[in-house]
C-alpha cells in the first residue's frame, strides 16, 4: 500500500500548523488534520510547558514517540509535527510508513519574527531570554536531522499559505506519478 498521508516537519514557527490545516482543507473531507503536540497533551494530561517544567524533556520525547507510533497506524491525515520530532529516529521511521515527509523551512529572521509575534512563552525550548541565539543553536543542531528525514523541502519565507500547499502537492505528484492524494 502506498502513502496516503502527509507529515510536516521543521523548526518551530515555519508554518506547520497553518499550512497543515490549509492542506487538509484543500484535500477535502476524507483528510483529518492532527498535531503531534495535541496528541502529547492528551497522553500526558497536561500542557507542553507543564510537561517540560514538571516532568522534563525526556518524558515529553517519550510521549512524542507514542504519538508517532499511533499516527503510523492511521491514514488520510495531515500531521503537523513538533519541531523536535526528528530527535528520535524511531519517529521518522514510524511516520515514513504512511506519510510523505515534508520539511518546511524559513529564514532565521522570519522564525524569530513569528516567535516574537506568538509569544516566546509558548515555546519552552527557547524561553530563556536569548531567543535569537537559541534559535540559531537549536536549528544548527537539528538541520541535518531535518534534511535526512525530508522527502520534500519547501521554504515558507515570503510565500502565501496557498502557494506552499500548491508546492507540496506538486512535489508529491512528482514523487508518485499516480498519487492517492
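The values are calculated or read from the model by the stated rules, or taken from the named source; none is laboratory data. Quick caveat: nothing in here was measured; it's all calculated off a predicted structure. Here the Cβ is made from the backbone with ideal geometry for all residues, glycine too, and neighbour counts use every protein chain on show.
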**Fill in**
Going through segment 4-33 in order, the residues found to be surrounded by fewer than 21 Cβ atoms within 10 Å (Cβ to Cβ) and not in a loop (DSSP other than H, G, I, E, B) are 17, 18, 21, 22, 25, 26, 27, 32, 33
**Prompt:** Of the residues that sit in segment 125-136 and are farther than 11 Å from residue 83 by Cβ and in a helix (DSSP H, G or I), which one is modelled with the lowest pLDDT?
**Reply:** 131
**Asked** Restricting attention to segment 143-155, which residues are over 15 Å from the mean Cα position of the chain (by Cα) and in contact (Cβ under 8 Å) with a residue 12 or more places away in the chain?
**Response** none
**Request:** Of the conditions (1) assigned to a loop (DSSP other than H, G, I, E, B); (2) touching a strand residue (DSSP E or B) at 6+ places or on another chain (Cβ under 9 Å), residue 46 clears all except one; give me its number.
**Result:** (2)
**Message:** Of all residues being touching a helix residue (DSSP H, G or I) at 6+ places or on another chain (Cβ under 7 Å) and over 14 Å from residue 102 (Cα atoms) in segment 140-161, which is surrounded by the most Cβ atoms within 10 Å (Cβ to Cβ)? Just the residue, please.
**Reply:** 142
**Message:** Looking at 75, 70, can you tell me which residue is within 24 Å of residue 23 (Cβ to Cβ) and assigned to a loop (DSSP other than H, G, I, E, B)?
**Reply:** 75
**Asked** Residues 65, 92, 101: which one is under 21 Å from residue 150 (Cβ atoms), touching a strand residue (DSSP E or B) at 6+ places or on another chain (Cβ under 8 Å) and part of a helix (DSSP H, G or I)?
**Response** 92
**Asked** Does residue 158 satisfy being within 16 Å of the chain's Cα centre (by Cα) and modelled with pLDDT under 95?
**Response** no
